[in-house]
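Coordinate-derived values only; no laboratory data. Bear in mind the structure is a predicted one, so any value in this text is a computation, not a measurement. When we count neighbours, we look across all protein chains shown, and the Cβ atoms used for this are built from the backbone with ideal geometry, even at glycine.
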Amino acid sequence: MYLSSLNARDFRNFEELSLEPNPRFNILYGDNGQGKTNLLEAIFWLGTLRPIRTSRLRELNRWKTKACKVSGSVNLEGLTHRLAVEFKDGVRQAYREDKKVRSSSFFGALSVVLFTPDDVGLIRGAPERRRRFLDRAIFTGRPSHLEDFVNYRRALDARNQLLRERGPTDLIEVYEQTLSVIAHKLICSRREFVEEIKVKFVENLATILGPEYECSVRYKPSIDIGETDGIQQLQSTWAIDRERDRERGFTQRGPHADDLNFHILGHSARTYASQGQQRSMVLAMKIAEIQLLKERNNQIPIVLLDDVSSELDATRNERLFEFLNGFEGQVFITTTDPHFLRIDGDQSSWQVHNGSVDSSKD
Ligand SMILES: Nc1ncnc2c1ncn2[C@@H]1O[C@H](COP(=O)(O)OP(=O)(O)OP(=O)(O)O)[C@@H](O)[C@H]1O
Ligand SMILES: [Mg+2]
């Protein structure tokens, strides 16, 4: 899979952007504040329908404009797919093969994995961040996960509303039944995914940090269900919680309150791991995500690296480039100084300057 063309209009500081990326390495260099991360964000938005740095889509519109659009052609196993996403009049619209589509029919042609300096929040930040990582990673390999997730949120919102309004118990029970079926699917997908990814995570981390730092990652569901009768267990947990949930006005336990625990030498990485160790853990996790996608779906996602070299020490940096040089897919990498990069292989360099991009194919 690779992006063979990328276009954007009025997206962040790009008035018009038109790029024919290299199927292998694309180096985006330039001074601070020129639009390098914006360009990655355009690709990320096209791949995930989510911006990188905001949840408010209107921030993507170039200042003083009211609409923005990103489009691109993806080459997937020899076939070209046209994808586009637009934000106009307060509405986001996705297009596939130039036809309007719902997000569930949009996904499948383009997968992206992003590395940014901000990733350290995966270890250090709130559980919501780790759940988002987990769900996005599952969904990249299996787009139907998104539908389960949306359905769960919908049923959860309905239960919460009934709790707040002191709605009738039998109606709340109906929502608990619906919730338990979808929640069970979500928990099983998450559990299965973490079981698979953790083996690779531990191996990758031993390579990056050295084997003496024994690390682990564990899925921590807020309702711990067994291998059998999971749906029943969820229902009885919500029945037990019902009165307390009514008092608080929301559902306290369920997949929306799950977490992922990272440990280093038996201690919580969130509290005890150093900054560099936390960064290495995220790196190991994302590389594992890529390996898993390849193994499970025979799919190699596009890798977006935002300024990561400047965040790593020389040894870690070298290991990152060892991985990248052995990686078969398309890579976009931003830097203020291309001399940091140690890339062998076919590559194009692009200078990003004040919202425009100049090519200089090497
Ligand atoms: N909606 C927008 N409209 C116009 N300009 C914007 C918009 N959003 C951000 N910008 C501008 O884009 C620039 C930032 O771009 P970006 O974050 O891509 O920089 P960068 O090249 O990655 O810099 P750095 O090396 O510091 O990370 C800033 O000048 C910012 O003011
Ligand atoms: Mg940047």
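Once phi is turned into ³J(HN,Hα) by the Karplus curve 6.51 cos²θ - 1.76 cosθ + 1.60 with θ = phi - 60°, what whole-Hz value does each residue of the stretch 333-339 show in order, with x for glycine and proline?
3J(HN,Hα) across the stretch 333-339, in whole Hz: 9, 9, 7, 8, 9, x, 5.
What is the Rg over Rh value, at two decimals, for the chain, using alpha-carbon atoms and the Kirkwood definition of Rh?
On the way: Rg = 21.8 Å, Rh = 21.9 Å.
Looking at the chain, the ratio lands at 0.99.
Do any GluC sites (Glu not before Pro) in the stretch 261-362 lie in a loop, going by DSSP, with at most 13 other beta-carbon atoms within 10 Å of their beta carbon, and if so which?
Numbers: sites: Glu289, Glu295, Glu311, Glu318, Glu322, Glu328; in loops: Glu328.
Sparse-neighbourhood loop GluC sites (Glu not before Pro): Glu328.
Sorting Asp98, Asp135 on the 10 Å Cβ count, fewest up front, what's the list?
Asp98, Asp135
Label points 7 Å out from Cα along the Cβ direction at Glu203 and Arg142: separation in nm?
Going from the Glu203 label point to the Arg142 one covers 2.1 nm.
May I ask you to sort Val174, Val85 by Cβ crowding, counting other Cβ atoms within 10 Å and putting the fewest first? Intermediate values should be presented prior to the final figure.
Working: Val174 15, Val85 24.
Starting with the residue having the fewest Cβ neighbours, the order is Val174, Val85.
Are there GluC sites (Glu not before Pro) in the stretch 174-266 that DSSP puts in a loop and that have at most 10 other Cβ atoms within 10 Å, and which ones? Intermediate values should be presented prior to the final figure.
Numbers: sites: Glu176, Glu192, Glu195, Glu196, Glu203, Glu212, Glu214, Glu227, Glu243, Glu247; in loops: Glu212, Glu214, Glu227.
Sites meeting the loop and neighbour criteria: Glu212, Glu227.
Could you give the semi-axes, largest first, of the ellipsoid that matches the stretch 124-296, computed as the square roots of 5 times the alpha carbon gyration tensor eigenvalues and rounded to whole Å?
On the way: eigenvalues 228, 58, 33 Å².
Each semi-axis is √(5λ); the values are 34, 17, 13 Å.
Using only Cα atoms, locate the centre of the stretch 315-356 and the centre of the stretch 75-154, then give the distance between them in Å, rounded to an integer.
24
With θ set to phi - 60° and the Karplus curve 6.51 cos²θ - 1.76 cosθ + 1.60, what are the ³J(HN,Hα) couplings of the stretch 111-120 in order, to the nearest whole Hz, using x for Gly and Pro?
Going residue by residue, I get 10, 10, 10, 10, 10, 9, x, 6, 4, 4 Hz, with x marking Gly and Pro.
Mind jotting down the three principal axis lengths of the stretch 1-141 based on Cα atoms? Whole angstrom, largest first.
The principal-axis extents, from largest down, are 39, 37, 33 Å.
Which links in Lys69/Lys286; Lys64/Lys99; Lys66/Lys100; Lys64/Lys100; Lys198/Lys220 stretch past 18 Å when you go from one Cα to the other?
Numbers: Lys69/Lys286 28 Å; Lys64/Lys99 28 Å; Lys66/Lys100 20 Å; Lys64/Lys100 26 Å; Lys198/Lys220 13 Å.
Over 18 Å Cα-Cα: Lys69/Lys286; Lys64/Lys99; Lys66/Lys100; Lys64/Lys100.
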